[in-house]
Amino acid sequence: MTDSTTSATRSGHGVEWLIAATAVAGTLLSAIVAYVEFSSGHGDIDWPLFVIIAVLLVATETKSSTWMRFGNGGAVTASWTFTFALMLLGSPTVAIGVMAATTIAADVMDRKEARKVIFNSAQISLSLAIGALVLFAFGIHEPLFGDGTISTSRALAMILSGCVVFGTNGIVICRLLATIEGTTFIAMMRDGFALSMSADAAMLAMAPILVITAQQNLLMLPLIGTATFFVYQTARQAIQRAHEANHDPLTQLLNRRAFSGELDDFVQSAAATSKFGSVYVLDLDRFKEVNDRLGHRTGDHVLQAFAERLIESLPERAAIARLGGDEFAVLLPGSTPREAIDIAGRLRSRLDAPLTVDGFPISTGTSIGVSHFPLHGSTPSELLHSADVAMYRAKRFRSGIEVYEALGTTQQKGRVTLLADLADAIENEEFELYYQPQVDMRTGRIVSLEALLRWNHPKHGLVLPGEFVGLAEQTDLIGPLTDLVILRAITDVGALDPTMRIAVNISTRNLQDRHFAGAVLALLAAHSFEPGRLEVEITESAMALEPELTTASLDQLRSAGVSVAIDDFGTGYSSFATLRELTVDRIKIDRSFITHATSQPRDRQIVRSVVELAHSLDLEVVAEGVETTEVWTMLEELDCDVAQGYLITEPMDIAAVTAVLDVLPRRSGQSRAQIEAIA
């Protein structure tokens, strides 16, 4: 048996044992209460009042069985008021029976698991039975307010009984939840009772007031009902505020603050007991595109559906949080490294299945970073940082799941660290441009170069744009970074053949800047660089946010002679809508369609259709990712205009580009090895 199986089995057996023990204890003590009550007699019970309160109990429990939650599982309802009132009216056995029956009915209607139904009714029966035994211990076997008065000893018995009911209920629930979630009993008691103490006390305290008032005159019931309602509302609002302080309002998962608390409790407990545990950080790979193209409302629904699937796919002991945006975190207490990796694999398989949102299937890939306690950190911040670094590596390599490895290489750098270094990198000119030629497929001539940004980090070596451009887009650094690229590109290419064009990738954030187009044109003029030699490449998401600003920026650039190309065409949700909304000059078919076009008939047909569509709109077509002669030949047959890829050459620095152009006079057709030899 593996460690992971042993861990899961041990936890499962502990939960089943607790449920069974609670059920046996609840049944046994309830039987004892019934025996004592019916053998000693229960006095002169006010049966009309008893029936009225019993009906109120049934109505309350079946309609609002979980309206006041505390911690991660317990609940307080107005039914506690009515149940304790039935006990005070002289028949604990009937009170226990009615409460247990209504709890079972409510849970069955909610379609809860059988073991949850059993546990809920058992722990309530156990709590009430112990409370009843306290009353019996004080010699109380009849209605507490039978003659309309109450002695000091009886008042103390009533208070003690209520406290026992309250305490037993909380202890049993917190013991079970602590076992399920792999945390300490003390931590679970503290968190649960901090939220529920006032609500429990208030609802139980209403029971004697209800009994005394109703015994005076049944017509007083509406008055006490009004008071109970206001107590109910006040308690619910207090717990709702506490819930909101610890939960994400959109997904109802834990928020960052609450998750940090859970992680801190786990670390303290695990360090003392030598337990294992793991942390996941998850990020939706294509959420930005969904949000941009389908709108924020749909994006919110995607996050909600994703959160629901997380809950369904993870063990009960997992603490799940939304850290912000499309980033989530999971704490798996008590899991060995092997178990955590197995769970992560199954989780990703579930998350990769399309989400049904507003009646439509939407696919969003997920990247998961994993860190293990204590292997990858002994503090909450270290564990979360390690998982974040691993997630970022999974995102970069599109591997889906990565476990943290403290190698100190670029891919291990966390996003926060890279972002902190980015501003200094711009100022210190740590960036350089590589250029990949684009070849006219009819003449074989190199007609354009695409500028590709690289970051030579002083400590971590070469950092690719996929690791830092997204970070820059979330800050104001994207502006100066784009300015740097354009300036460097026109400076490098300006010294080449005056007909050579340069293509530069532009962020959506740039296009939403009202001054961007004017600044670019001023830069071109200052360096005597013809606007017709510059091409800006945008993605299909450029029109998603503030399309008016985007269109205005592009129109201003095009009117001055700058070309516009749609990059990665075909990968977005609304490719044809983009062609309708934007006036462009070229489209670049994404490499995902080009690479397999010779072996996949559907991909070939897609490429053919895009080429024909583009030509019918007087647009030029660039094929990205051309890596074999077979693909080149196919593209020639499909009448594609321009090719770009490793078959021609990999990206080169400007010195290598100059050498290739000088020797080959912009002539393609040679093999990659021949070009590399010249460079």
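Summary table below
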| read-out | value |
| --- | --- |
| Number of positions in the range 486-506 that are crowded, with 19+ Cβ neighbours inside 10 Å, closer than 20 Å to GLU430 by Cα and not charged (D, E, K, R) | 7 |
| Unmet criterion (only one of (1) open to solvent by 50 Å² or more (accessible area, probe 1.4 Å); (2) in a helix (DSSP H, G or I); (3) not acidic (Asp, Glu)) for ILE150 | (2) |
| Whichever residue in the range 623-641 is of a type in the set (Asp, Glu) and without any contact (Cβ under 8 Å) to a residue 60 or more places away in the chain and, among such residues, is surrounded by the fewest Cβ atoms within 10 Å (Cβ to Cβ) | GLU637 |
| Scan of the range 302-334 for residues that are at pLDDT 90 or above, surrounded by fewer than 21 Cβ atoms within 10 Å (Cβ to Cβ) and charged (D, E, K, R), ordered by number | GLU308, ARG309, GLU312, GLU327 |
| Failed item, numbered, when VAL165 is tested on (1) open to solvent by 10 Å² or more (accessible area, probe 1.4 Å); (2) of a type outside the set (S, T, N, Q); (3) on the phi < 0 side of the Ramachandran plot | (1) |
| In the range 388-413, residue modelled with the highest pLDDT [restricted to those that are open to solvent by 40 Å² or more (accessible area, probe 1.4 Å) and part of a loop (DSSP other than H, G, I, E, B)] | TYR404 |
| Qualifying residue in the range 323-332 (condition: in contact with a strand residue (DSSP E or B) (Cβ under 7 Å, 6 or more places away or on another chain) and either assigned to a loop (DSSP other than H, G, I, E, B) or over 16 Å from MET391 (Cβ atoms) (or both)) | yes |
| Exclusive hit being more than 40 Å from the chain's Cα centre (by Cα), modelled with pLDDT under 90, among the charged types (D, E, K, R) and loosely packed, with under 15 Cβ neighbours inside 10 Å, set ASP618, ASP662 | ASP662 |
| Residues of the range 349-360 that turn out to be hydrophobic (A, V, I, L, M, F, W, C) and assigned to a loop (DSSP other than H, G, I, E, B), as a count | 1 |
| Qualifying position, being at pLDDT 85 or above and either open to solvent by less than 40 Å² (accessible area, probe 1.4 Å) or over 30 Å from GLU262 (Cβ atoms) (or both), among MET99, MET68 | MET99 |
| Any hit, the range 444-452, residues being in contact with a Leu (Cβ under 6 Å, 6 or more places away or on another chain), open to solvent by 50 Å² or more (accessible area, probe 1.4 Å) and of a type outside the set (Lys, Arg) | no |
| Subset of the range 361-387 that is under 19 Å from LEU310 (Cα atoms), of a type in the set (Gly, Ala, Ser) and not in a helix (DSSP H, G or I) - its residue that is most open to solvent (accessible area, probe 1.4 Å) | SER363 |
| Residues within the range 603-635 that are within 27 Å of GLU581 (Cβ to Cβ) and of a type outside the set (A, V, I, L, M, F, W, C), tallied | 11 |
| Residue satisfying all of: in the range 180-218; β-branched (Val, Ile, Thr), crowded, with 21+ Cβ neighbours inside 10 Å and part of a helix (DSSP H, G or I); modelled with the highest pLDDT among these | VAL211 |
| Residues of the range 287-301 satisfying the condition of being out of contact with any Leu (no Cβ under 9 Å at 6 or more places or on another chain), modelled with pLDDT of 80 or more and either open to solvent by 50 Å² or more (accessible area, probe 1.4 Å) or basic (Lys, Arg) (or both) | HIS296, ARG297 |
| Residue in the range 352-360 that is of a type outside the set (Ser, Thr, Tyr), crowded, with 17+ Cβ neighbours inside 10 Å and farther than 30 Å from THR550 by Cα present | yes |
| Any hit, the range 154-167, residues being at pLDDT below 75 and of a type in the set (Phe, Trp, Tyr) | no |
| In the range 333-348, the residues that are touching a helix residue (DSSP H, G or I) at 6+ places or on another chain (Cβ under 9 Å) and either outside any strand (DSSP E or B) or β-branched (Val, Ile, Thr) (or both) | GLY334, SER335, THR336, PRO337, ARG338, GLU339, ALA340, ILE341, ASP342, ILE343, ARG346, LEU347 |
| The one condition in (1) over 17 Å from ASN255 (Cα atoms); (2) in a strand (DSSP E or B) that GLY299 fails to fulfil | (2) |
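For every residue, the table says whether it meets (1) in contact with a helix residue (DSSP H, G or I) (Cβ under 7 Å, 6 or more places away or on another chain); (2) part of a helix (DSSP H, G or I); (3) modelled with pLDDT of 85 or more.
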{"site": "THR482", "(1), (2), (3)": "yes, yes, yes"}
{"site": "ILE486", "(1), (2), (3)": "yes, yes, yes"}
{"site": "VAL504", "(1), (2), (3)": "yes, no, yes"}
{"site": "ARG509", "(1), (2), (3)": "yes, yes, no"}
{"site": "LEU523", "(1), (2), (3)": "yes, yes, yes"}
{"site": "PHE529", "(1), (2), (3)": "yes, no, yes"}
{"site": "ALA542", "(1), (2), (3)": "yes, yes, no"}
{"site": "LEU545", "(1), (2), (3)": "yes, no, no"}
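The values are calculated or read from the model by the stated rules, or taken from the named source; none is laboratory data. This one's a predicted model, so the numbers in the text were calculated from it and none came from an experiment. A quick note on method: Cβ atoms are made from the backbone with ideal geometry, for glycine too, and the neighbour counts reach across all protein chains shown. Quick note on the areas: whole protein, heavy atoms, side chains included, nothing else; ligands and nucleic acids left out. Shrake-Rupley method; radii C 1.70, N 1.55, O 1.52, S 1.80 Å.
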